[in-house]
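For reference, the structure is listed below as structure tokens.
The values are calculated or read from the model by the stated rules, or taken from the named source; none is laboratory data. Owing to the predicted nature of the structure, the values given are computational and were not obtained by experimental measurement. Glycine gets a Cβ as well: all are built from the backbone with ideal geometry, and neighbour counts include every protein chain shown. Surface areas here come from the heavy atoms of the whole protein model, side chains and all, with no ligands, DNA or RNA. Shrake-Rupley method; radii C 1.70, N 1.55, O 1.52, S 1.80 Å.
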Amino acid sequence: MPPTPSLDELIHQAVTAIGGTERPGQVQMAHAVAEAVQTGEHLLVQAGTGTGKSLAYLVPAVVHAQRSSRPAIVATATLALQAQIVDRDLPRLADALQPVLGRRPTYALVKGRRNYLCKHKLEGGYPDDDEGLLSVGEVDSAAGRVGQEVVRLREWADETESGDRDELVPGVSERAWRQVSVSARECLGSKCPMVQECFVEQARAVAKDSDVVVTNHAFLAIDAFEGRHMLPEHDLLVIDEGHELVDRVTSTITDEIAAGSVAGAAKRVGRLAETEALVDAGEGLGQALGQIAEGRVLNLPEVLVAALGRVRDTSRDLLSELKSQGSGEGDGGRQMARAAVQELFDMAERVLEQRELDVVWVSEDPRRGPVLRVAPMSVAMLLRDAIFDERTVVLTSATLELGGTFDAVAGQLGLRGEGGPKWRGLDVGSPFDYPQQAMAYVAQHLPAPGRDGMSGQAFDEIEALIRAAGGRTLGLFSSRRAAEAAAEEMRARFGDEIPVLCQGDDQLPTLVRQFAADGPTCLFGTLSLWQGVDVPGSACQLVIIDRIPFPRPDDPLSSARSQAIAKMGGNGFMAVSATHAALRLAQGAGRLVRRSTDRGVVAFLDSRMMTARYAGFLQRSLPPFWPTTDRTLVLKALGRLDATAPEVVGVDTPALRGVGGGAPATPAPDAPVPDAPVETPVADSARTAVTDGRAWSEEDDEELRDGADMGLTVEELADHLDVSAEQVSARAGQLGLALDG
């Protein structure tokens, strides 16, 4: 029997087989992951762009899985990285390691139930949708586009072996897909008469026997916090894009309720029980919320307590009635009704409990009216108990070390403090020579940014920098208003000489491709551009950051967290606002250098980066670029880079799973193994408008018109189209459609 190869040999075999270049940081990280598995000590590992961190954790994960006969779980924040790992990294890694391990490593992708066909629903196990959406039983006679899509889905259902929506190419609209799928709450589970044929159960059975199971942060949170045990038993969890975990988990366990939510549930139950009391409770809730000012609710007003009490009590009564009517075995309609009412009950009960760590606030929606939301002030202890207990966790990202230490991130994850588990932080660096490749320039002569928008001096600075760079600029702004104002001003100043694109002009992937394909072109935008966008080469030689991206002062969660820390004697500003800003700055500045030949400048237009008491903390969070405040030096450097710039690289436009069916393009052999694919994966389609940051196709508009004719509410359409209510309202207004709130 041949000896088991060492980890170094496996890394070398894997990197060689995929045509990459072995890097010291990659090897160091792989050994650290293997050591964490052996000791059970959690690992936070910062791996800079170009390290090849996916292979660094996948190789030891595969080895451990094969030795322990337990799968390793890999959770990502974005669909893009999930697709890269499943479609590119793991297939090539499996091919590379099969000869030396003796068998081919196996892997699986686990998703939420809504991503799969429901055979019971296809067979009519759920009722016709009396809210206006086309029922499965009627699609054969339907002439509309959605009907044709559902017919196609039924034909595909007879062919597919997985039922996975992402394998349907081309895809279908969200509205059509919802006719053949169910949510986790709506699923009948073991009571379903077709449970043995269920695509979801089959996928999870495959996952149990796989070496590596890939999922996402939200699914991981639901599995951990709700105790559904959808992931197979495991003792190694790798969390990639780890800087996103706290926000993704917080979002997953944030609840909301509005008068429209109650009305929607009442419609769902209408065919099974009397709902007059629930309708009245919803109207009372709307009236109560209308009396409360927008913002955080510190003490629940009596009128709100009474309204929520009515929603809770009527929901409880309906749940009891629905249960007493029969077991509901195989009854999809009853299960859907229960799910809708259960959500109301849970939300009302949660707010009325006034849990110590919950933050409650009211926000005004243009069409839905006031919405009551609740979220945990901190998820640290939840993560400690549910994620970091009884397994080894490796959490990795290019930005985990903030202010020169892992303490801030570790505190948010629940790793610090009394009773915390053992962990260590490791920075394996980057293969890039940051001081030689890039400058970090602070425009110290500019006044500190104010609340009245960007100053004329700041516009002058942007113009001078962009002219020196010959375009080639990615502008990262703290708000949509600031990005649009800067784009408008620069377009007036540059005319046709230097094109300026702005987020919202078109689909973001299209804008990124246009930016990457033309040197003089600039691209301005907000949060979506601060992270995940990967434009290597001479198309991006200047990154401008307008101001330090602190959270909004009126943000309920941030302000609540700051106040709580201050009450305990800590520095709420540094722990919350400065940490948030440091992470965003590190992500934004990281857009500049994406490979070893990239050169350029990151320009900060906020003089507080040099003068504020927290400036050192922010500076230590950035890549180690060569720092300067010398404007003349920077302008000359940008001019030289422009004069000697090679041809732009452009970006590949691979389709994500389910969009175009292809895997991301393979990089050139001498290119760094990327940490994330280029965020431009969505294929173009005919677009009619971009509204509130969302591009709408003719098909989308048709669905909106159909929904308006059917009397659907903004909330219902937002749910069916899988967009925000604000985006639905904005587009409906442009089309002159009247929708119920």
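The table that follows gives values for the structure above.
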quantity	calculated
ALA589 without any contact (Cβ under 8 Å) to a residue 12 or more places away in the chain and hydrophobic (A, V, I, L, M, F, W, C)	no
Residues located in region 175-223, provided they are of a type in the set (D, E, K, R), assigned to a helix (DSSP H, G or I), in contact (Cβ under 8 Å) with a residue 40 or more places away in the chain and surrounded by 17 or more Cβ atoms within 10 Å (Cβ to Cβ)	ARG175, ARG204
Among the residues listed as ALA75, ALA65, the single one being assigned to a helix (DSSP H, G or I) and crowded, with 22+ Cβ neighbours inside 10 Å	ALA65
Residue in region 470-491 that is assigned to a loop (DSSP other than H, G, I, E, B) and open to solvent by 40 Å² or more (accessible area, probe 1.4 Å) present	yes
Unique match (being more than 30 Å from HIS120 (Cα to Cα), outside any helix (DSSP H, G or I) and either in contact with a His (Cβ under 8 Å, 6 or more places away or on another chain) or not small (Gly, Ala, Ser) (or both)) among LEU304, LEU298	LEU298
Any hit, region 579-598, residues being over 26 Å from GLN541 (Cα atoms), more than 25 Å from the chain's Cα centre (by Cα) and in a loop (DSSP other than H, G, I, E, B)	no
Qualifying position, being modelled with pLDDT of 95 or more, open to solvent by 20 Å² or more (accessible area, probe 1.4 Å), under 23 Å from ALA589 (Cβ atoms) and not basic (Lys, Arg), among PRO431, PRO499, PRO435, PRO447	PRO435
Helices (runs of 4 or more DSSP H) fully within region 79-168 counting 3 or more residues that are at pLDDT 90 or above	90-101
In region 267-282, the residues that are over 19 Å from LEU300 (Cβ atoms) and in a helix (DSSP H, G or I)	LYS267, ARG268, VAL269, GLU276, ALA277, LEU278, VAL279, ASP280
Candidates SER363, SER315, SER324, filtered to the one that is more than 27 Å from SER54 (Cβ to Cβ), of a type in the set (Gly, Ala, Ser) and free of Cβ contacts under 8 Å to residues at least 12 places away in the same chain	SER324
Region 391-418, residues that are free of Cβ contacts under 8 Å to residues at least 60 places away in the same chain and open to solvent by 20 Å² or more (accessible area, probe 1.4 Å)	THR405, ASP407, ARG416, GLY417, GLU418
Residue, nearest to PRO556 (Cα to Cα), within region 286-302, restricted to residues that are aliphatic (A, V, I, L, M) and open to solvent by 60 Å² or more (accessible area, probe 1.4 Å)	LEU298
Hits in region 19-51 - residues which are of a type in the set (D, E, K, R) and either open to solvent by less than 20 Å² (accessible area, probe 1.4 Å) or assigned to a loop (DSSP other than H, G, I, E, B) (or both)	GLU22, ARG23, GLU41
Selection status of ALA307, buried (at least 22 other Cβ atoms within 10 Å of the Cβ) and modelled with pLDDT of 95 or more	yes
Long-range neighbours under 8 Å by Cβ, at least six apart or interchain, first residue buried (at least 19 other Cβ atoms within 10 Å of the Cβ) within region 633-644, second part of a helix (DSSP H, G or I)	VAL634/LEU465; VAL634/ALA468; LEU638/LEU465; LEU638/ALA468; LEU638/ALA469; LEU641/ALA469; ASP642/ALA468; ASP642/ALA469
